[in-house]
């Protein structure tokens, strides 16, 4: 089955700096890669996703890049703000079969003032 | 409209008790997933429904775990004879279609087995 590795496990940045989180996946058939933000005790919330026919996608301060050949994808957050502090999960899946997702182990992002 | 709703929010069970966790997906959503999230870990797949059909239950850890979605809407995850290792947050997620739709998660049920 699919295996997703995520790095780093913790990331501390100064407000206004950029943050980058990286993930690798093992199943070359995976074609859907969402990123979720989870605040303590709350639900995972989808912040951005990318499909395998696209190499990069951007939404305001958030961008995701995908390298299918190397089987890795990354989340980039620019101009970080304290409210960006949370745990971020990457995931990989197949759009067929309902979008069954395999998640990474999460990155605890802390944005310091 | 309302998002995915799960109840109860918290559940404490003594070892050996049976529990039932409920998920109300977003109205009209075809796909429904159950995930288990241990402390400090990412969600792990348990089972998948497309309408009322359970198409994948490969993630259920043992035959003590059972899920149903009889009318293609509300789903229940039942755990029989709970064990301490069952302690986790159980997340439900739904998607509009059977392929390609983003998944929307509920707040989860935090199960503690004592």
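The values are calculated or read from the model by the stated rules, or taken from the named source; none is laboratory data. Owing to the predicted nature of the structure, the values given are computational and were not obtained by experimental measurement. Here the Cβ positions follow ideal geometry from the backbone for every residue, glycine too, while neighbour counts run over all protein chains shown.
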> Considering segment B:1-25 alone, what residues qualify as being under 14 Å from the mean Cα position of the chain (by Cα) and under 16 Å from residue B:101 (Cα atoms)?
Replying inline: B:4, B:25
> Of these, B:55, B:39, B:21, which one is in a strand (DSSP E or B), at pLDDT below 95 and in contact with a strand residue (DSSP E or B) (Cβ under 8 Å, 6 or more places away or on another chain)?
Replying inline: B:55
> On the given criteria, is residue B:60 buried (at least 17 other Cβ atoms within 10 Å of the Cβ) and part of a loop (DSSP other than H, G, I, E, B)?
Replying inline: yes
> From the list B:42, B:100, B:106, which residue is free of Cβ contacts under 8 Å to residues at least 40 places away in the same chain, closer than 22 Å to residue A:45 by Cβ and surrounded by 21 or more Cβ atoms within 10 Å (Cβ to Cβ)?
Replying inline: B:42
> Where residues in segment A:54-100 are more than 21 Å from residue B:42 (Cα to Cα) and within 14 Å of chain B (Cβ to nearest Cβ), which of them is surrounded by the fewest Cβ atoms within 10 Å (Cβ to Cβ)?
Replying inline: A:59
